[in-house]
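Visitor: First the structure, which I've put down as structure tokens, then a few questions once you've had a look.
The values are calculated or read from the model by the stated rules, or taken from the named source; none is laboratory data. From a predicted model like this one, the values you see are computed outputs, not experimental measurements. Don't worry about glycine lacking a Cβ; one is built from the backbone with ideal geometry, like all the others, and counts go over all protein chains shown.
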Amino acid sequence: MRCVNAIYIPNDKEEQFYTLRLIKADCCDESLRLEGAVFDLYKKENNRCGYSPVLKGLHTDKNGEVFIENLSAGRYKLLERQAPASYVICNKSGWIFDINPCVADDMMNVDMMIYNCRDGCFFYM
């Protein structure tokens, strides 16, 4: 499991919300987007062990994408429950990542790309 960390810069503005675009693609051909992957999203609760469910059953569409809106800043865990046809789940412990102003663009969007090979995978955020 690879953790992607960023430095959090606090501000005095009202709470901001972000949109996560998850992109699932083949590792040998990035233009080949993978439909049919199913993910669950969890959020780390402040000062608590473990993660609480946010959304379950997120399916990648024909473009290999899932858009998750209205996420507050914080640490999240993404678990793949079902791999696309002809692929295997490559990271059964999930991906941990932070959403905060340091990783979001000016439009409050965060992209996370997960590449799957038929025998493994990696991701880039």
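Visitor: Just one of (1) surrounded by fewer than 16 Cβ atoms within 10 Å (Cβ to Cβ); (2) at pLDDT 95 or above trips up L32, so point out which.
Guide: (2)
Visitor: Report, ordered by the first and then the second residue, all pairs with beta carbons closer than 8 Å, sequence separation of six or more or different chains, a first member in region 84-101 that is without any contact (Cβ under 8 Å) to a residue 24 or more places away in the chain and buried (at least 17 other Cβ atoms within 10 Å of the Cβ), and a second member that is in a loop (DSSP other than H, G, I, E, B) and among the hydrophobic types (A, V, I, L, M, F, W, C).
Guide: So the pair list comes out empty.
Visitor: Given the structure, is N70 exposed (fewer than 15 other Cβ atoms within 10 Å of the Cβ), in a strand (DSSP E or B) and out of contact with any Lys or Arg (no Cβ under 7 Å at 6 or more places or on another chain)?
Guide: yes
Visitor: Could we say that S93 is modelled with pLDDT of 80 or more and over 25 Å from C49 (Cβ atoms) here?
Guide: Criteria not met by S93.
Visitor: Next up: Does region 84-93 hold any residues that are of a type in the set (G, A, S) and within 18 Å of G64 (Cα to Cα), and which are they?
Guide: A85, S86
Visitor: For region 12-59, which residues satisfy the criterion of being without any contact (Cβ under 8 Å) to a residue 60 or more places away in the chain, among the polar types (S, T, N, Q) and part of a strand (DSSP E or B)?
Guide: Of everything in region 12-59, just one residue is without any contact (Cβ under 8 Å) to a residue 60 or more places away in the chain, among the polar types (S, T, N, Q) and part of a strand (DSSP E or B), namely S52.
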